[in-house]
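Read the figures in this text as sums done on the coordinates, not as results from a lab. All values reported here derive from a predicted model rather than from experimental measurement. Methodologically, a virtual Cβ is constructed for each residue, glycine included, from the backbone with ideal geometry; neighbour enumeration extends over all protein chains shown.
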Amino acid sequence: MTTIVWDGKKIASDSRSCSGGLIDPGVCKKIFQDKTAIFALAGDYAQARAVVRWMSEGRDPDTEPDFLEPEYEVLMIRNGTGYFFSGELHGYEVSAPFALGTGREVALGAIAAGASARKAVEAACRLDPNSAPPVMVMTP
């Protein structure tokens, strides 16, 4: 339940979190940065955070996260290149513009019309019930 957009210059996300059909109170942080990359999370938040932690700590095969039902998506931007992980620990390279989450179609349409990453997520927040402000933006 998310909208995340990478326009090649910036990455932006909404802040809504849902559990069991209910909107969680508060703001959900979905973009993180470590020493080598920026990560954006969608899907199962706990799973995605575990994958990001594993990636940030060096990808040790002995501590590889294992989920019965992987339901996460992670976009990693490293040195200007995007990599997408969707339930797999071996991602593939993606090019900007790229979006993920339930609001991705609206966001990509906004990008195609000339919007920035922030404006694209704002558009998705207006139309996708699973995405909501505030919009958070980070520069890779």
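Mean Kyte-Doolittle of at least 0.5 and a Cα length of 18 Å or more along the axis: which whole DSSP H helices of the chain meet both? Mind showing how you got there, number by number?
Values: long enough: none.
Qualifying helices, which must be both long enough and hydrophobic enough, do not occur.
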Farthest toward positive dipole pole in the stretch 1-128 [+1 Lys/Arg, -1 Asp/Glu at C-beta], among 115, 95, 4
115
May I ask for log10 I(q)/I(0) of the stretch 4-138 at q = 0.11 Å⁻¹, from a Debye sum over the Cα atoms as equal point scatterers with solvent left out?
-0.37
Under the Karplus relation with 6.51, -1.76 and 1.60 and θ = phi - 60°, whole-Hz ³J(HN,Hα) for the stretch 71-88, x at Gly and Pro, equal 9, 10, 9, 10, 9, 10, 10, 10, 6, x, 10, x, 9, 10, 10, 10, x, 10
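If we sort 99-108, 27-36 on the protection proxy, mean other Cβ atoms within 10 Å, highest first, what's the order?
Working: 99-108: 23.2, 27-36: 14.7.
So the order, starting with the most tightly packed, is 99-108, 27-36.
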Test of understanding: in a Gaussian network model of the chain with alpha carbons linked when under 10 Å, which of 41, 75, 127 would top the mean-square fluctuation ranking?
127
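Please give the net charge around residue 112, taking every other residue with its beta carbon less than 14 angstrom from that of residue 112, where Lys and Arg add +1 and Asp and Glu add -1. If you can, show how the numbers build up before the last one.
Working: positive: 104, 119; negative: 7, 105.
Here the count lands on 0.
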The aspartates and glutamates whose Cα lies under 14 Å from the Cα of residue 30, excluding any fewer than 8 residues away in the same chain, are 14, 44, 73
Which net charge results when you count Lys and Arg as +1 and Asp and Glu as -1 among the other residues whose beta-carbon is under 15 Å from that of residue 133?
+2
Is the stretch 1-70 rounded, prolate or oblate when judged by the Cα gyration tensor, a ≥ b ≥ c being the square roots of its eigenvalues, rounded requiring a/c under 1.5 and prolate requiring a/b larger than b/c?
oblate
How would 54, 6 line up from fewest to most surrounding beta-carbon atoms within 10 angstrom?
54, 6
Please report, for the Cα atoms of the stretch 47-112, the Rg to one decimal and the Dmax as a whole number; what are they, in angstrom?
13.3, 42
At q = 0.27, 0.32, 0.33 Å⁻¹, base-10 log of I(q)/I(0) for the stretch 1-40 (Debye sum, equal scatterers on each alpha carbon):
-0.94, -1.11, -1.14
